[in-house]
Structures are given as C-alpha cells and as structure tokens.
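Undergrad: Mind having a look at this structure? Questions to follow.
The values are calculated or read from the model by the stated rules, or taken from the named source; none is laboratory data. Just so you know, these numbers come straight off a predicted model, no measurement behind them. Cβ atoms come from the backbone with ideal geometry, glycine included; neighbour counts cover every protein chain shown. We work out accessible area using only protein heavy atoms, side chains counted, and drop any ligands, DNA or RNA first. Shrake-Rupley method; radii C 1.70, N 1.55, O 1.52, S 1.80 Å.
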Amino acid sequence: MIGAQSAFWRFSAWKRRLDHPPIESVNDPDLGLALVDSDHGQMLVMYGEPARGVRAMRNLRARAVTPARTMINRETYGALDADLRDHFGPHWGYAWDFFWTEEPLAKVEHCGRVELLRAGSAELKAVEGEVREALIASNPITSAVDRFDALEWFILRADDGNIATVMGSTQTDGMSFEGLGTVPAYRGQGYGGATMVGAVNLSLELVSHVQFGVWSWNEGAMRLYRRLGLHHDGRLISGRAEPFEDLQGKA
C-alpha cells in the first residue's frame, strides 16, 4: 500500500502549511485526499492507490468540483484518462518530492555551527533583517519569504561572520523545513549540506521526525539529500488551470 502508509501521509507534512481546514478529506490506508481553500482557489491534494484515486477524482468531477490547483501522486496521474487530466489540469507541470528522517544524520564540516532562532525570540529579532536579506538573496521564489514571521529559522554563518545559509521551519509533532537557501557568494563550500545536517540533528533533539519537500527539477538538491541519508518518500505532480511559470532557472 502507498497512500496513508507513506511517511508523507503519516506525518501529514502538507497540512501544516494550510491556512484553512479541509473542505472535505479522506485518510485511509489506500487513499489520502483533501480539498482545501487556498489563495488561488480550491486545491485538491491526493496521494494513494491509483484505482482509488481515479474513482475519487471521477466522483469530484461528477459533483462539478473543479479545483484551481491539483497535486496527486505520479502513479495516479499515470492512470488518468484524457478527460480527467483536462478537468483537473489542463496544464500539468512541476512535481514536488518529499524527504524525511527519524534518525540523526552523519556529521559534516560546519554542521555544529547551525543555530535555531525561535519565532518571536530576542535572538531572532536582533538579526531579523540579516536573516530576511539572506533568504531573499539565496531563495527568492520560496513561499517562506511571505511566511517569514510565522517560521522558526535555522542559520549558518560563514567563517567571515556573515550568514551563508538560512532555512525556515515549523514545529508541531515533527519539524517541517522550507526555504533552504545559500547566499550566492557562499555556494559550493558545503554550507547547504551542513545546514541540513545541523538542522535535522537539532530538530531531532526536540521532535520525533523531520520532513520537507523540494521541486523535482532541483536534481542537485535531491542528490544532496539522498547523499546525506534522508529518505525519499514520494512525488506529487501538479495540475492547474493556468500555464506554469518558469521557475527552474530562478532558484
């Protein structure tokens, strides 16, 4: 079984980023589904066995539910007929891959210097402008830019004292990561991997697991995460009513 047995659904990572509760949802061993409101209109998020997923999507179509955005696992996408692809698209593009771990990662150079700055803390307030500037310089397309004040922040300073990497996080029963970025002047020096290792290991002192997603076209990042020992859990493919903007060259 996939669906709710996968870490993606067990940890419900995506739910922690929603501003509104689901309009309707299903969560059983064969299918995880939620229809939610978002800033772009209704969004369908679904992960599960292809046959169950196709039936659920046919049911939604029969009820005249037409999400502005859809995210489904690639196995279900492969089972869709042309009419369903058109109804829940018609544009299909970027995919989103999920990673997680419950175990600390092997230490690498610089990882011991990673700091966790809690939201609203005096430590974060003292360097908030510096952290925000580093985030925008390193990863301007991440949604973490708009969510800055709601997040905790991991940072790693380079040898010269400047912030080299930043990453946002949200703590619930686990720790969710978003917005990892390395300032251009410090790329290629191991700071990104060190930040991930340091953030994972600090997080596992506080929670049982960590999880995060990455655009599937970011193959370099995914190679890094696998090399560090993170588990790859699955891939959601995106459909939407409007064409996809070109994000690949902007990260």
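Undergrad: Ignoring ligands, DNA and RNA, what accessible area per residue does region 97-186 give at 1.4 Å, in Å²?
TA: Roughly 45 Å² per residue, with all protein chains present.
Undergrad: Consider the candidate values (i) 7, 30, 34, 20, 8, 1, 0; (ii) 6, 22, 28, 19, 12, 7, 4, 2, 0; (iii) 7, 28, 39, 22, 4, 0; state which one is P(r) over Cα pairs in 10 Å bins from 0, in percent computed from the structure displayed.
TA: Evaluating P(r) over Cα pairs in 10 Å bins from 0, in percent on these atoms matches (i).
Undergrad: Could you pull out every residue, at least 5 positions away or on a different chain, whose amide H is within less than 5 Å of the one on Q42? Hs are placed 1.01 Å off N in the peptide plane, and Pro or chain starts have none.
TA: A68
Undergrad: Please identify, among H209, H87, H40, the residue showing maximal mean-square fluctuation in a Gaussian network model of the chain using a 10 angstrom Cα cutoff.
TA: H40
Undergrad: Let me ask you something else. Cα gyration tensor of region 63-111, axes a ≥ b ≥ c as square roots of the eigenvalues: rounded (a/c below 1.5), prolate (a/b > b/c) or oblate?
TA: Prolate, since a/c reaches 1.5 and a/b exceeds b/c.
Undergrad: Moving to a separate point now. Net charge within 15 Å of A194 by Cβ-Cβ distance, Lys/Arg positive one each and Asp/Glu negative one each, not counting A194 itself?
TA: Summing Lys and Arg as +1 and Asp and Glu as -1 gives +2.
Undergrad: Which ³J(HN,Hα) values, rounded to whole Hz and listed in residue order, are derived for region 173-180 from phi using the Karplus coefficients 6.51, -1.76 and 1.60 in 6.51 cos²θ - 1.76 cosθ + 1.60 with θ = phi - 60°, glycine and proline given as x?
TA: 6, x, 10, 9, 10, 7, x, 5
Undergrad: For region 114-232, with only Lys/Arg (+1) and Asp/Glu (-1) charged at the beta-carbon, what is the dipole magnitude about the Cα centre, in debye rounded to 20?
TA: I would put it at about 380 debye.
Undergrad: Hey, another quick one. Decide, for region 31-153, between rounded, prolate and oblate: order the square roots of the alpha carbon gyration tensor eigenvalues as a ≥ b ≥ c, take rounded if a/c falls under 1.5, and otherwise choose prolate if a/b is larger than b/c, else oblate.
TA: Prolate, since a/c reaches 1.5 and a/b exceeds b/c.
Undergrad: Within the chain, what whole-number % of the accessible surface is contributed by carbon and sulfur, with the 1.4 Å probe and all protein chains included in the calculation?
TA: Carbon plus sulfur share of accessible area: 48 percent.
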